[in-house]
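Since the structure comes first, as structure tokens, the remarks are kept for the end.
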Amino acid sequence: MRLIECKGYAPTHKVDAEELEAWIRTKARRLNKHFRAQETLQNRAFSFEFWTSGGFTKEALQLAETVSSETKRYSVKLVAGPDVRSLITKVNAKGLGKVFDEHYAKHPITKAERKFEALEDFGSVIEDAM
């Protein structure tokens, strides 16, 4: 059984380990406990997935891997923006793809953020000259 948490962030936003840990320790654990109490679901495999239109920090990726390896009760899977878009394409839901692009991947604010981040990568000419 797949249980998916979706977060609509700018593609430049990175979900950090703190946010992911709060989700795992509260929502995922509570949902796992609730569903395991249902007699018909006790022997099912559970996968808790955290989808974001942004990305994940290295620490968040490591946390998900650690939690998945530490427990047999359920797995934790992370799905970042490009993979979310790919999954939308596979479902062949053009309307959903359009919404995803307009509100997240190709939103004007997102485009501006990407340009600003690209400029930051060059550093400061003034700081470099000193």
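So which residues in the stretch 1-47 are open to solvent by 90 Å² or more (accessible area, probe 1.4 Å), more than 16 Å from residue 80 (Cα to Cα) and part of a strand (DSSP E or B), if there are any at all?
Result: 2, single match.
What pairs can you find where one residue is in the stretch 96-107 and among the aliphatic types (A, V, I, L, M), the other is surrounded by 15 or more Cβ atoms within 10 Å (Cβ to Cβ) and at pLDDT 75 or above, and their Cβ atoms are less than 7 Å apart, with a gap of 6+ or different chains?
96/88; 105/11; 105/53; 105/81; 105/85
Those residues that are closer than 13 Å to residue 21 by Cα and open to solvent by 20 Å² or more (accessible area, probe 1.4 Å), I need them from the stretch 48-76; list them, please.
56, 57, 59, 61, 62, 63, 65, 66, 68 - these are the residues of the stretch 48-76 that are closer than 13 Å to residue 21 by Cα and open to solvent by 20 Å² or more (accessible area, probe 1.4 Å).
Does residue 59 satisfy the criteria of being more than 24 Å from residue 104 (Cβ to Cβ) and of a type in the set (Asp, Glu)?
Values: more than 24 Å from residue 104 (Cβ to Cβ): no; of a type in the set (Asp, Glu): yes.
When the stated conditions are applied, residue 59 does not pass them.
The values are calculated or read from the model by the stated rules, or taken from the named source; none is laboratory data. Note that the structure is predicted; figures quoted are calculated from it, not measured. Glycine also receives a Cβ, built like all others from the backbone with ideal geometry; neighbour counts cover every protein chain displayed. For accessibility, only protein heavy atoms count, side chains too; no ligands or nucleic acids. Shrake-Rupley method; radii C 1.70, N 1.55, O 1.52, S 1.80 Å.
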